[in-house]
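What follows is one structure encoded as structure tokens, with my remarks underneath.
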Amino acid sequence: MWGMGGIGKTTIAKAIYNKVGRDFEARSFLANIREVWEQEAGQMYLQEHLIYDIFKETTTKIQNIESGKSILKERLCHKRVLLVLDDVNKLDQLKALCGSRTWFGSGSRIIITTRDKHIIRGNRVNQVYNIKEMDERESIELFSWHAFKQASPTKDFAESSRNIVKYSGGLPLALEVLGSYLFDREVFEWKCVLEKLKRIPNDEVHKKLKISYDGLNDDTEKEIFLDIACFFIGMDRNDVIHILNGCGFFAEIGISILVERSLVTVDDKNKLGMHDLLRDMGREIIREKSPKELEKRCRLWFNEDVLDVLSEQTGTQAVEGVVLKLTPNAKCFSTKAFENMKKLRLLQLAGVQLDGDFKYLSRNLRWLCWNGFPLTCIPTKFDQGKLVSIELENSNIKLVWKEMQMMENLKILNLSHSRYLTKTPDFSNLPNLEKLVLKDCPRLSEISHTIGHLHKILMINLKDCISLRNLPRTIYTLKSLKTLILSGCLIVDELEEDLEQMESLTILLADNTAITKVPFSLLRSKTIGYISLCGYNGYSREVFPSIIRSWISPTNNLSSLVQTPAGMSSLVSLDASKSSSHSLSSISDVLTKVQSLLVECGSELQLSRDAILDALSATNSKELESIATTSQESAVKTSTLIECCGQVHISATKKSQKSLLIQMGTNCKAADILKESILQVSLSPLHVSICYTFI
């Protein structure tokens, strides 16, 4: 599919994908290829993403483009797939992702969306679909949904709506943006807007979109829009809010307004997005203010422009943000190039080296994102007091800080993939840190005990820290922590029962570790929502019953199972038909420690031998004030159920509440129901019953 930006290529492709995708053996929608392709390792990421979508596996790691081509060619030919390649702008992208028709199994379909018709000329594709503009009826309906929240205009706005639609020329993006801009405005405002629109040529889409920018309420909303357009597309919304709030921009309401005005989007992964035409419109606003003098622009994002300013050291106080992404170690600049950028707030570097005294970097920095940070520690003379986010992925850091500064504003610290980092910093001077990300630091073996000082921490990610052996006990005192990720920490072998102190914990991911026991306190948590631990994966309401069932599997050593801390409930199963006389005779020694007991017997005779019932009776007489029991017996076959249920009245503390199920003979549905009741008792200690079931 070929057409101009904003014409609806991606929307149509998604509709086709959703409608017919299930008719294929596998399917994949690779979105925003042009943008992803330009990111570091973006080419291999797209190939890996395609393999994951088609084969549902994450183990394949592609080292380079050519090896990725070979893997795709070899594996895709056996599948009938639907593949959508969205926003292709280079022929190399097609070669890397769908080299030829022979790559795919018979009956496969490939849909390509692009702005560049040259990419799909000749015999590269079977058919080219040129997407046309919307007709008047479709345009009015789309516009009305955004301007009036209904399918057609109100009577007073009918004529003005037709004029706006005519001006928009059937371009879906313009219809949506203008409709959102005019929503809930008066007639005279509509007429004023229409007059303004007449001054802008139809072929200059970015100028049409600037109307939405002009309609923003204040300068902070405009600054937020420009920052997102230049730096934050694809970033987590919450992270961006922290950074922009640090700049004094009231980002929560600001971003919400941008979303309402169709200037920014937030996807289901909470990532910020922006249409290319809107992004280009924002960047054009910046360029127009200083078309020839680069150093007077407030933001610099084109590599060529940044290279010029840094090489010539011509930066000025006008510069508030800089992004420069190069291949690793491609260029080295003097830190003095930043000396005059006194208002620099946002700095994003990749593959860049700086030589010199870091005192020249702005004291007003809020965001430092430096992929491939080349130094072994953060320089002492670098003033970091106002930093909100430090992101130094793939760094050479061994020791984060030699001399720490008080960093009250720091919310985010990301040192992921720092292969030389052996221990975390002292967290005492980071009182407001909310997000700590140390993914894939292979030599990290020590977490500072001062992590317990992070009273506002929300997320700790230690995924794939393969040298980490244990966690400091102080980590369990973090009452604000919501997400703890330990997946891939291969030699971490224990989670303490103190886990229940983490009263806000909702997500615990600890798969692929050496942990073999689920802490009992985890089941006492009232907040945990999702866990991945010891082979259990899923939401707690689904996983907890499975964990409990594993605990009540029959055992020959009753005493060994009752090894829980003081005051903690325990739930045990005893198979009397397989137990030794010694273990049965010692049952009374441990009954006082057990909250729930399941006894499985082959017959009533077996139940009475070795004083099982005597032990139960003796235990009950010590703990229970009274017991009311009714019974019913009949001579029936083994498979017939005879139930005897009694309610136990407890006068002691909650610790003495117990549940008992005695099952004789073949299992049946009724017994299963009673077993489930015991499970519920273990989770709800305020409800107590003793049920005798004879089968």
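Please treat every number below as a calculation from the coordinates, not as lab data. Bear in mind the structure is a predicted one, so any value in this text is a computation, not a measurement. Glycine also receives a Cβ, built like all others from the backbone with ideal geometry; neighbour counts cover every protein chain displayed.
Summarising the amide proton neighbourhood of Leu354: residues at separation of 5 or more, or on other chains, whose placed amide H is nearer than 5 Å comprise Phe333. Shape class of region 337-403 from the Cα gyration tensor (axes a ≥ b ≥ c, square roots of the eigenvalues): rounded, since a/c falls below 1.5.
Here the label points at Ser290 and Asn130, each 7 Å from Cα along the C-beta direction, are separated by 4.3 nm in the simple model. The Cα center of region 457-516 and the Cα center of region 284-302 differ in position by 46 Å. This model, with +1 at the C-beta of Lys and Arg and -1 at the C-beta of Asp and Glu, gives region 9-124 a dipole about its Cα centre of some 560 debye.
Solvent-free Debye calculation, one equal scatterer per alpha-carbon of region 219-283: log10 I(q)/I(0) at 0.14, 0.19, 0.25, 0.28 Å⁻¹ equals -0.32, -0.60, -1.10, -1.40. A Förster radius of 56 Å, combined with the Cβ-Cβ distance separating Glu57 from Arg185, puts the computed FRET efficiency at roughly 0.60. With the simple spin-label model, which puts each label point 7 Å out from Cα in the Cβ direction, the Ser448 to Leu399 separation comes to 1.2 nm. One decimal place: the segment Asp383-Glu159 gains 74.7 nm when fully extended, by the rule 0.36 nm per residue minus the C-alpha distance. Dipole magnitude for region 295-544: about 440 debye, using +1 per Lys or Arg Cβ and -1 per Asp or Glu Cβ, origin at the Cα centre. Look at the Cα gyration tensor of region 9-124: its axes a ≥ b ≥ c give a/c under 1.5, and that counts as rounded. When the Cα positions of Thr102, Ile164, Ile119 are compared along the charge dipole of region 70-226, Thr102 comes out farthest toward the positive end, with charges on each C-beta of Lys, Arg, Asp and Glu. Let me know the shape class of region 417-533, please: from the alpha-carbon gyration tensor, a ≥ b ≥ c as square roots of the eigenvalues, rounded when a/c is under 1.5, otherwise prolate if a/b is greater than b/c, or oblate. Oblate is the answer for region 417-533, as a/c is 1.5 or above yet b/c matches or exceeds a/b.
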